[in-house]
Structure formats: C-alpha cells, structure tokens
Amino acid sequence: MTILEQIFIKRGMKTKKEIEKFINPPKPETFTANDFGLTKTGLKKAVDRIQKSFKNNKPIFIHGDYDVDGICATAILWEAIYFNLSYQNVHPFIPHRTNHGYGLTLKSIEEIQRQRTGTLSCYDDTNHSNKNSQKALLITLDCGITAFEEIKYANSLGFEVIVLDHHEKDKKLPKACAILHSTQVCSTALAWFLSKNLQLFEPELLESEPIRPELTARRPRSRRPQSRRPTTYNLQPNLDLVALATIADLEPLINLNRSFAKYGLEELNQTQRIGLQELIKIAGIENRKIGTYEVGWMLGPRLNAMGRLESALDSLRLLCTHDRTRAKELAQKLNEANYQRQEMTKKAVEQARQIASSYPLTPSSSLLILSHSDWHEGIIGLIASKMTEEFGRPTLAISIGETVSKGSARSIEGFNLVENLRLHQDLLINVGGHPMAAGLTIKTAKIAEFTDRFSNDLSQGVPLSTQGDPLWNGKAVPQQKFKVDLNLNPSDISFDLYQQLQSLEPFGLGNPQPLFQTKGLIINELKLVGKENQHLKLKVADDKANILDSIGFSLGFWANELKVGDQVNLIYYLEKDDFNGNQKVQLRVKTIEKVAL
C-alpha cells in the first residue's frame with residue numbers, strides 16, 4: 001500500500017469513489033439549497049423580498065462585518081445587485097469596530113437609519129433626502145442570527161430584515177422576514193449562493209437615484225443605464241472572494257468548503273480584480289502560487305488589518321475598485337495598517353506569555369483567560385490564536401476597558417467555545433461565534449468571577465500535552481499535541497512523494513497537511529538563521545547515510561540543547577525547497593525530541 005493510500009485510509013476514505021470525490025470535488029455551481037442546509041422556502045422568501053425592493057424602487061442596505069468574511073460577502077452581494085442586476089438603490093455598510101461594535105448593533109442600525117433619511121452618508125458628502133418612507137430592506141451578512149433586540153429595533157424604524165449568517169444560532173430565531181443560516185460554510189459562500197439565485201430572475205427594474213458608495217473610484221462615475229440581465233450569468237469570477245473568506249475564516253476544508261477553496265484558489269491565482277492584484281503585489285507574492293498559506297498569512301491579515309485598527313470600508317473599496325491608481329493607494333494603506341497591527345501584536349503577545357507563564361497550568365483550568373488594559377480590542381483575536389498555538393489549550397484574550405471589556409477566544413479540537421462560554425452567560429453582556437472562535441463582551445467588574453468559574457470547573461478539564469517544552473520564567477509551557485499521520489523511513493522521503501501529497505490540497509482546518517514522524521535521526525549540521533537567529537536549520541541523516549535538509553521556524557531555542565552528533569526524533573511536514581532553482585524536498589519541523597543515549 002502506498003503512503004498516499006495510507007493517508008486516505010487514515011482520513012476515512014477507503015473506496016475509489018470517496019478518494020476521487022475528494023481529489024476532484026464537485027464544482028460550486030452544482031450546489032443546491034439542500035447542500036447548504038437551506039430550505040427552498042427560506043431561499044425563495046429572501047429572493048422574493050429583494051425582488052420586491054427592485055419593483056418598488058426601495059433602498060437596500062447591506063450590513064456586513066469588518067473581517068474578511070463580512071467584507072467579501074458584502075462585495076459579492078453588492079456587486080451582484082448594483083452591477084449585474086443594474087439596481088443602484090443599494091448601499092453597503094461596514095461597521096466600525098470602536099464606533100459601532102461587533103455584529104448588528106443598535107448603533108450600526110442608527111447609522112444606517114441616518115443614511116436612509118439623508119442626514120448622514122459615509123459614502124459621499126452629499127445629503128440625500130428620502131422621499132418615500134415605506135419600508136427599506138436591511139440584509140445582514142456574517143451577523144444577525146442572535147440579534148433579537150437589534151432586529152426588533154430595525155423593524156420599528158421601518159426596515160424589513162434578511163439574515164445571512166453562519167454563526168452558532170440560539171434555541172430561537174430573530175423575527176426577520178427571511179433567514180439563510182448554515183454552519184457548513186462561511187457567510188461569503190451564502191452571499192454567493194443568494195447572488196446566483198437572484199440572477200436566475202429577470203426583474204423589471206425601475207429608475208433609481210442612489211446614494212453612491214465610493215467604492216469603484218474616487219471620481220464620480222457616470223450613471224449606469226438600467227438593463228435586463230442576460231439569461232445566464234457566470235458567477236465563477238466571484239469564487240476568488242469565496243476562497244479568501246473560507247480560508248481566512250478558518251472554515252474546515254471538507255465537503256462544500258473544499259470545493260469553494262479548491263476552485264476559488266484557481267480563480268484567485270488569475271484574479272481580474274485589480275484591487276487583489278495590487279494587494280498580491282504589495283504582499284510580495286506576485287510571482288508564486290497562491291495557496292492557503294498565502295491567503296491565511298499574507299492576504300487575509302492585510303484585509304483584516306483595517307477592521308482591526310481603523311475602518312474596514314477601505315478593504316471593501318479595494319475589492320470592488322476598477323481604478324488602478326486607487327487600488328495601489330488602498331493596497332498601500334492596508335499594508336501600512338497591517339505593519340502597525342504586527343507591531344502591536346508582537347508587544348501584546350510578549351505580555352500574554354508573561355501572564356500565561358504564571359497561570360495555573362493544570363487540566364482543571366480548561367480555558368486560559370488572559371487580560372490586559374493595554375491590548376487594543378482589534379488584536380485580541382490574534383493574541384488568543386497565538387497563545388492557543390503555543391499552549392495547546394483554548395484561550396480567551398480580553399481587552400480591559402474602564403467599565404466594559406471585549407474578549408476574543410480561540411479553541412482546540414474537542415472544546416466548543418460557544419457552548420462553554422454560554423454556560424456562564426449570566427456574567428456576560430453578549431457572546432457569539434463558532435465552536436473554534438468566539439467573541440464576547442463583559443463588564444470589567446465581572447472578569448475575576450468569570451475567570452474563577454472556569455478555573456474551578458473540573459468538569460470542563462482539557463488534558464495538556466508537554467511536547468516541545470520551551471521555557472518562560474523557568475516553567476515548561478505545554479505545547480499542542482500533534483496528530484501524526486504516518487511514521488516514515490528516511491528512504492521513503494522524496495520530491496516525488498511531496499508531489500503526490502499535493503493531490504490533497506488545499507490544506508487547512510479539517511484537512512491538515514500530512515504530518516509525519518521519523519525517529520533516530522543523527523544531526524550532521526546545525527545552524528541558526530533569520531534576522532534574529534530565531535529559526536533552526538538542520539541536516540539530519542540515518543545510519544544508511546540518507547541525508548535530509550530540515551528547518552524549524554521559531555525553534556531557534558533548541559540550539560542551546562542540541563549539537564552535531566545528537567540523535568533526535570522529528571515531527572514534520574514535507575515542503576518544496578527551490579532555492580537557486582533546484583527543486584528538492586525538505587522537512588518543515590514542528591517539534592523535536594532529543595533521544596537520550
């Protein structure tokens with residue numbers, strides 16, 4: 001049995017049909033409402049209500065979110081209505097993290113109401129009067145599924161609401177005129193599917209005078225003539241945005257998400273969106289294949305940076321602009337914001353490590369809760385993610401405010417964040433999210449009691465692993481346990497094997513890159529690399545002189561523990577090393593175990 005066949009079996013695929021479907025998943029255009037877990041009735045209600053706005057020339061407001069998923073979902077739906085269906089009375093809205101808060105809030109609804117009545121528009125400097133006070137339509141993307149009071153308030157202001165969301169729902173649903181909810185995909189995929197179904201119709205559109213969002217250019221654009229949509233419309237160009245959101249939002253890359261990621265990445269690598277082209281250039285990845293790593297670590301963080309520190313509206317503008325000069329300006333702005341975010345995060349992570357090093361590291365402490373008054377609420381999710389990676393346990397990072405504090409949490413497999421946080425909902429102002437990532441708002445005075453509950457709740461204990469053992473303040477910090485796919489002999493490792501493994505791409509949550517272990521390797525060469533000598537470069541070999549190049553990023557601390565001639569066990573990925581144009585395979589080391597002789 002080949003190594004690839006063993007990996008398929010390990011991941012639950014035993015038949016040729018299962019393997020073929022995984023390697024060549026169905027194309028997203030073939031998906032039905034049932035595939036998303038939606039009902040045809042709910043979908044028809046959403047389409048009919050949007051069509052009603054078209055026919056009666058009523059304003060449509062699209063309320064997104066300030067992360068990649070919310071931004072991409074807004075871009076797809078706005079473009080579908082504004083350009084493809086030639087309906088111009090549609091207005092995107094991205095909340096400001098500080099001014100409006102997370103998700104659909106009373107403040108964001110009030111802001112939209114001011115835009116509707118013409119007292120304020122964040123898209124241009126011209127006030128627009130609302131001549132017709134009949135009900136407008138509010139569509140929420142990536143939020144709204146638990147916004148009971150907010151939707152009730154929107155209804156009282158004369159809005160009807162459609163909710164598209166993928167976050168964990170409550171036992172009941174808000175009173176919206178239509179709800180499209182699925183936990184199988186991100187909200188951008190839902191927006192893509194709704195857009196596809198909207199364009200199966202040919203509505204008679206009336207003349208409209210829109211509040212023009214400044215998205216496609218700085219200069220005013222001539223008014224697009226009203227026209228009927230062609231009988232068929234190809235949504236393929238939007239799959240680049242669906243892939244961006246699916247990967248950046250950490251969706252499991254299986255089933256529908258695997259299709260969106262696989263075919264969306266193909267589209268992203270040849271994207272016609274000039275904003276993405278400029279973002280790819282400024283990220284320094286113009287001349288290489290864009291995969292899940294490039295999205296998750298290069299493009300996603302830059303799109304997210306604006307929402308973390310400033311206004312994510314500029315990220316939306318970048319995705320939708322048709323002006324090359326404007327695209328370059330916006331890409332530069334996002335890049336600068338990302339650099340600022342990196343510097344803030346670096347300092348905050350060091351502070352988090354110091355706090356965590358004195359935290360009671362026992363199995364009974366299921367959730368690592370860290371808090372600091374200096375942490376910007378826009379980076380607490382990054383702090384939580386880094387601490388989860390390093391400590392191997394679910395982590396909640398809290399930005400302490402004077403009276404109200406914001407928290408963001410990241411989890412590990414087997415610990416449902418939302419369910420566990422909701423067990424203590426009586427102490428929280430609000431909480432929401434996914435099993436793997438969640439956010440909350442809490443009164444500052446309640447943080448200590450909230451922390452004590454988790455520390456004392458033995459029933460929520462999560463066992464800890466102690467692989468890696470880096471030290472802070474003299475205390476070993478538990479590392480996340482690695483799930484090894486197979487043990488390999490050095491003679492099994494080749495560039496051909498690396499190429500075979502690429503049939504499993506795209507890799508990500510739910511479909512991790514195959515992780516291997518090889519024991520009893522002898523260190524032939526050891527050196528530190530990187531600007532701060534933070535990375536470890538090794539040449540290792542077995543007793544048959546099979547020599548392997550390897551690198552361990554952020555494993556430089558091992559240089560004090562190892563020397564040439566030592567025997568080690570390595571856990572690693574296989575990756576391509578094409579330095580100087582010579583393609584070969586190398587080991588990307590995740591953890592090292594020194595063998596006692």
Residue among 247, 254 that is surrounded by fewer than 24 Cβ atoms within 10 Å (Cβ to Cβ) and not assigned by TED's automatic domain parsing to the domain that holds residue 412: 254
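Out of the residues in the range 362-390 meeting the condition of being farther than 20 Å from residue 453 by Cα and at pLDDT below 85, tell me which one is surrounded by the fewest Cβ atoms within 10 Å (Cβ to Cβ).
As a first pass, look at the range 362-390 and keep what is farther than 20 Å from residue 453 by Cα: 373-383, 385-387, 389-390.
Remaining after also requiring at pLDDT below 85: 389-390.
Values: 389: 13, 390: 21.
Looking at residues that are farther than 20 Å from residue 453 by Cα and at pLDDT below 85, I get 389.
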Failed item, numbered, when residue 435 is tested on (1) in a loop (DSSP other than H, G, I, E, B); (2) under 25 Å from residue 310 (Cβ atoms): (2)
Answer from 532, 575 - the residue that is part of a loop (DSSP other than H, G, I, E, B), over 15 Å from residue 592 (Cα atoms) and assigned by TED's automatic domain parsing to the domain that holds residue 513: 532
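Look through 538, 548 and report the one residue that is touching a Ser or Thr at 6+ places or on another chain (Cβ under 7 Å), farther than 30 Å from residue 252 by Cβ and not basic (Lys, Arg). It would help to see each step written out before you state the result.
Numbers: 548 fails: touching a Ser or Thr at 6+ places or on another chain (Cβ under 7 Å).
On inspection, the qualifying residue turns out to be 538.
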Single residue of the range 281-290 satisfying the filter (modelled with pLDDT under 95 and either among the charged types (D, E, K, R) or under 13 Å from residue 243 (Cβ atoms) (or both)) that is nearest to the chain's Cα centre (by Cα): 289
Members of the range 302-311 found to be at pLDDT below 95 and not polar (S, T, N, Q), listed by number: 305, 306, 307, 308, 309, 310
Any hit, the range 547-556, residues being hydrophobic (A, V, I, L, M, F, W, C), more than 24 Å from residue 18 (Cβ to Cβ), in a loop (DSSP other than H, G, I, E, B) and in contact (Cβ under 8 Å) with a residue 24 or more places away in the chain: yes
Residue check, residue 27 under 17 Å from residue 261 (Cα atoms) and not hydrophobic (A, V, I, L, M, F, W, C): yes
Residue 397, sole failed condition from (1) of a type in the set (Gly, Ala, Ser); (2) modelled with pLDDT under 95; (3) buried (at least 23 other Cβ atoms within 10 Å of the Cβ): (2)
Any hit, the range 90-97, residues being surrounded by fewer than 16 Cβ atoms within 10 Å (Cβ to Cβ) and either touching a residue at least 60 places away in the same chain (Cβ under 8 Å) or in the same structural domain as residue 195 (by TED's automatic domain parsing) (or both): no
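For the range 524-534, check the following and say yes or no: at least one residue is in contact with a strand residue (DSSP E or B) (Cβ under 7 Å, 6 or more places away or on another chain) and crowded, with 18+ Cβ neighbours inside 10 Å. Step through it out loud before you land on a result.
Going residue by residue through the range 524-534, those that are in contact with a strand residue (DSSP E or B) (Cβ under 7 Å, 6 or more places away or on another chain) are 524-529.
From what's left, crowded, with 18+ Cβ neighbours inside 10 Å: none.
No, the range 524-534 contains no residue that is in contact with a strand residue (DSSP E or B) (Cβ under 7 Å, 6 or more places away or on another chain) and crowded, with 18+ Cβ neighbours inside 10 Å.
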Some residue of the range 336-351 being within 26 Å of residue 63 (Cα to Cα), in a helix (DSSP H, G or I) and touching a residue at least 40 places away in the same chain (Cβ under 8 Å): yes
Conditions (1) without any contact (Cβ under 8 Å) to a residue 60 or more places away in the chain; (2) in contact with a strand residue (DSSP E or B) (Cβ under 8 Å, 6 or more places away or on another chain); (3) not hydrophobic (A, V, I, L, M, F, W, C); number of the one not met by residue 494: (1)
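The values are calculated or read from the model by the stated rules, or taken from the named source; none is laboratory data. Predicted model only: the values in this text are computed from it and were never measured. Heads up, the Cβs are rebuilt from the backbone with ideal geometry, glycines too, and the neighbour counts pull from every protein chain shown.
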